[in-house]
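To keep things clear, I will list the structure first and then write my remarks on it.
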Amino acid sequence: MNTGVKLSHAVIFIFFMYGLYYDEYHNEPPAGTKSERYRNNIGGRYKYLTHLNLLLQCGFFGLCVLNDIIGSNTVILSRQSSLQKLRDWLFTCLVFPMGVFVSFIFWALYAFDRELIFPASLDAWFPSWLNHIMHTLPVVGTILELYIVYHFYQKGWRLYVPILAAYFLYLSWICYIAYAGGIWVYPVFEVLDFTGRTLFLAALLLPNLLFVYLGQKLHNNVWGPQKEQTKRKGKKE
């Protein structure tokens with residue numbers, strides 16, 4: 001693997017790490033505000049998909065750095081290290097679709113009506129650069145990763161199981177928070193009735209599945225069909 005790829009992994013990992021550090025230890029809403037009550041309610045930061053995705057992206061690029069140092073980067077399946085196998089599984093099944101989904105949904109709702117997802121009152125204490133680390137860097141980092149590193153994709157339905165499991169786990173989590181804590185994690189749910197929430201949540205499943213599919217299609221467009229690519233590159237090695 002060339003130096004440029006290793007440097008990209010390290011830089012993106014550092015950005016995500018610093019974003020996590022700053023959000024955990026320095027990014028606190030003013031005392032007594034609605035933002036403080038929401039953030040410090042049940043689940044803390046871990047009720048927000050943005051924060052969970054930040055942990056996922058940071059963990060993934062940290063794994064990439066580790067794999068660059070002591071793992072492998074071969075297209076021959078039998079020669080892959082455990083780190084490379086984990087890297088490819090995470091990226092194809094969770095990191096790419098989740099990273100694109102979080103960025104896409106956030107900025108789409110922000111453009112429509114930012115009060116539904118990131119109220120203007122947050123600008124007083126939430127840095128814009130941190131907002132971009134959380135909501136822009138995931139899509140930039142994952143698309144860059146798709147173009148500069150070859151990944152093995154799972155076959156058939158196994159490719160979609162992890163994102164489906166993650167979706168329903170998070171859906172259960174925010175419903176539990178609404179039941180136990182009496183709040184909806186995102187303001188958009190407060191303006192919808194039961195039917196509207198149900199339809200909205202159901203509709204969010206489609207982009208998740210779509211981004212898994214598109215990730216594989218983009219990968220094949222860049223690197224060629226997986227079976228043919230493996231054979232062709234395998235002969236070189």
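Select from the stretch 216-237 the residues that are farther than 30 Å from ALA108 by Cα and at pLDDT 85 or above and list them in ascending order.
Of everything in the stretch 216-237, just one residue is farther than 30 Å from ALA108 by Cα and at pLDDT 85 or above, namely GLY224.
Consider only pairs whose beta carbons are under 9 Å apart and that are at least six residues apart or on different chains; among these, list those whose first residue lies in the stretch 182-208 and is touching a residue at least 24 places away in the same chain (Cβ under 8 Å) and whose second residue is of a type in the set (Gly, Ala, Ser).
From the stretch 182-208, the pairs are VAL185/GLY43; VAL185/ALA178; ASN208/ALA166.
Which ones in the stretch 14-48 are modelled with pLDDT of 95 or more and not β-branched (Val, Ile, Thr)? Can you show your working first?
In the first step, residues of the stretch 14-48 are kept if they are modelled with pLDDT of 95 or more; the result is 14-22.
Passing the criteria: PHE15, PHE16, MET17, TYR18, GLY19, LEU20, TYR21, TYR22.
Considering each of VAL75, VAL95, VAL100 in turn, give the residue that is over 25 Å from GLU28 (Cα atoms), open to solvent by less than 30 Å² (accessible area, probe 1.4 Å) and not in a helix (DSSP H, G or I). Quick ask: steps written out before the conclusion?
On the way: VAL95 fails: not in a helix (DSSP H, G or I); VAL100 fails: not in a helix (DSSP H, G or I).
Going through VAL75, VAL95, VAL100 in turn, just one is over 25 Å from GLU28 (Cα atoms), open to solvent by less than 30 Å² (accessible area, probe 1.4 Å) and not in a helix (DSSP H, G or I): VAL75.
For every residue, the table says whether it meets (1) of a type in the set (Ser, Thr, Tyr); (2) closer than 20 Å to PHE106 by Cβ; (3) open to solvent by less than 80 Å² (accessible area, probe 1.4 Å); (4) modelled with pLDDT of 85 or more.
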| site | (1), (2), (3), (4) |
| --- | --- |
| ASP123 | no, yes, no, yes |
| GLU145 | no, yes, yes, yes |
| VAL161 | no, no, yes, yes |
| LEU206 | no, yes, no, yes |
| LEU214 | no, yes, yes, yes |
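The values are calculated or read from the model by the stated rules, or taken from the named source; none is laboratory data. Since the structure is predicted, the reported quantities are computational estimates derived from the model, not experimental observations. So basically every Cβ, Gly included, is an ideal-geometry build from the backbone, and we count neighbours across all protein chains shown. All accessible areas refer to the heavy atoms of the entire protein, side chains included, with ligands and DNA or RNA removed. Shrake-Rupley method; radii C 1.70, N 1.55, O 1.52, S 1.80 Å.
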